[in-house]
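Visitor: Below you'll find the structure I mean.
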Amino acid sequence: MKRWKIFLGRGGTVLIAIGLALLLVSLIPSAQVGSFTVSGWIIFPKRFETSFEGVLTPQQGLQVTITANDTLTVYILEVRAYTLYEWINEHHPEKEMTFDFNVTNLEEFLETNPDKIGWQKEMREGKIEYVPTKVTNATLVFSNPSSNYIRVDYEGSMISLVAPGTKVRNLAQWTIPIGFVLTLPWLTQLWKEKTTHRSAQNR
């Protein structure tokens, strides 16, 4: 058997084994680290409010379950709340002494800093699970663009991951097929040699 086939075949089996191991790691469930619960929070019409603030990493994300009596826009911004407040005060200095939580100010910030939006969705109820691709500050923001008062109940927790699930699965999905491609010539040659050997024995 040619050496290159043996070399590629062994390399392919190693890649397959690594890919399967990565898949198993990605299936390990996340663990909750601390939790918080808020009930009956009222978001005024045309206003926004900031909630959770912390540091997230590819191994530590945020999970939040939300129930509201009307649709609101939920953001996870990759900034500290102070950064948002400071930006609004700088661009609206006339309101610095009485900070304005008007949604227009939030939208101006987001239009100027779209890269700070880690996650965004209009929702009335549902579950958020956000894991960033890098170490970052994070702030949970509720925005009420409607003319109605919205009551929000939510509970959340930090989630600890052994490894970033999506990245690990994507890597495994590439590694395993490549491993099979590299292994195929070697396996084909082994099968041919066994077939030839059996034919010789039966003569």
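Every read-out reported here was derived from the displayed coordinates using simple, explicitly stated rules and does not represent laboratory data. Owing to the predicted nature of the structure, the values given are computational and were not obtained by experimental measurement.
Visitor: Which whole-Hz couplings ³J(HN,Hα) result when phi for each residue of region 79-93 is put into the Karplus expression 6.51 cos²θ - 1.76 cosθ + 1.60, θ = phi - 60°, listed in order with x for Gly and Pro?
Guide: 3J(HN,Hα) across region 79-93, in whole Hz: 8, 6, 4, 4, 4, 5, 4, 5, 4, 5, 5, 5, 8, 9, x.
Visitor: Give me the percent relative contact order of region 31-161, please, defined on Cα pairs under 8 angstrom at least 6 residues apart.
Guide: Over region 31-161, the number comes to 58 percent.
Visitor: Give me the number: length gained by fully extending residue 123 to residue 80, i.e. 0.36 nm times residue separation minus the C-alpha to C-alpha distance, one decimal in nm.
Guide: Extra length from residue 123 to residue 80 when fully extended: 13.2 nm.
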